[in-house]
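One structure is given below, encoded as structure tokens.
Taken together, the values in this text are just the output of simple stated rules run on the coordinates, not laboratory data. Since this is a predicted model, take the numbers as computed values, not measurements. FYI the Cβ positions are ideal-geometry reconstructions off the backbone, even for glycines, and counts take in every protein chain you see.
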Amino acid sequence: MRKPFIAANWKMNKTVEETEEFVNSFLPMVKNISGVDILLAPPFTSLGAASRLLKSSNVILAAQNVFYEEKGAYTGEISPAMLKSVGCSCVIIGHSERRQYFSESDDIVNRKIKTARKNGLDVILCAGESLEEREANKTFNVLDRQLAGSLADLSLDGITIAYEPIWAIGTGKTATKEQANEAHAYIRQWLRQNKEGADDVRIQYGGSVTPDNIESLMSQSEVDGALVGGASLKPDSFAKIVTGAIKK
Ligand code: PGA
């Protein structure tokens, strides 16, 4: 069985002080929990502080982005080695906000995953369709294109997929558990057809996940966890999602 995996994507939220406050109150809430992997992805500026506080805890530290080159004249960018040196073992790549606001193509996402994996970072790869694409019955075509482009010439080692329908992100409009499971099953089938080891890959759902809907989403056979934005910003809310994700 795949172990449930719950990740917090804080996006552009929390100063260093706010990060410390969160971690100090969140850690005691989850310290005796097993049966679920927990990950925090604070902004770059908070990674050092989070890393110090999370050391020897059961919480994985991740970044929200990384560059595809290993070093050099790339003003403002961050390399995989830099992330590792600050204590990250994972990075989120290809979030829809990066695709939308920073023009990240599947090719760029692919290059980022390759450099991250080469440097030993695990990856959460985000994929998902817009509302227009869903309404035009193009969800599966979009997933085909994103998966083929992002995972070209890569094995599935160290990869988690986050299925995030764009229309459900930050909108309060969650996909129904059936919609989520259908898309996850499609992703799983694509992985089986194209790669080795598809059955071990965890597929998270992302888009308006809350303490109230996590159990219902996790009741689905293909939902292995969640990538949580807004509801991960408060320690008690995120801790409830973590405990709600443990499969009964
Ligand atoms: P949300 O964001 O939970 O606020 O909808 C999820 C995400 O974008 O990862």
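Each residue of the stretch 171-187 is assigned a 3J(HN,Hα), and the resulting list reads 9, x, 9, 7, 5, 5, 4, 5, 4, 4, 5, 5, 5, 4, 5, 5, 4 Hz, derived from the Karplus form 6.51 cos²θ - 1.76 cosθ + 1.60 (θ = phi - 60°), x at Gly and Pro. Between the C-alpha center of the stretch 1-21 and that of the stretch 181-223 there is a gap of 20 Å.
Electrostatic bookkeeping for G229 treats Lys and Arg as +1 and Asp and Glu as -1; over the other residues with beta carbon under 11 Å from its beta carbon, the sum is -1. Taking amide H atoms as placed 1.01 Å from N in the peptide plane, the amide H of I78 lies under 5 Å from those of F67, each 5 or more residues away in sequence or on another chain. Close amide-amide hydrogen proximity is noted between A8 and L39, L40, A41, V228, each under 5 Å apart and 5 or more residues distant or on a separate chain (H modeled in the peptide plane; Pro and chain starts excluded). Rounded to the nearest 500, the helix-only mean residue ellipticity at 222 nm of the chain stands at -11500 deg cm²/dmol, with each DSSP H run of n ≥ 4 adding -39,500 (n - 2.57). For the stretch 148-201, applying the loop criterion from DSSP together with a ceiling of 13 other beta carbons within 10 Å to the GluC sites (Glu not before Pro) yields E196. Charged side chains reduced to their Cβ positions (Lys and Arg at +1, Asp and Glu at -1) give the chain a dipole of some 500 debye around its Cα centre.
Around the amide H of V91, modelled in the peptide plane, lie the amide H atoms of A63, D122, V123, I124, all under 5 Å away and 5 or more residues distant in sequence or on another chain.
Total lysine pairs in the stretch 2-78 at Cα distances under 23 Å, for residues eight or more apart or on different chains: 6. Phi-derived couplings, Karplus 6.51 cos²θ - 1.76 cosθ + 1.60 at θ = phi - 60°, listed residue by residue for the stretch 18-31: 5, 5, 4, 4, 4, 5, 5, 8, 6, 4, x, 6, 10, 5 Hz, with x used for Gly and Pro.
The Cα trace of the chain gives Rg and Dmax of 16.8, 50 Å, the first to one decimal, the second as a whole number.
What the phi angles of the stretch 121-134 give under the Karplus curve with 6.51, -1.76 and 1.60, with θ = phi - 60°, is a coupling list of 8, 6, 9, 9, 9, 9, 8, x, 9, 7, 5, 4, 5, 5 Hz, glycine and proline written as x.
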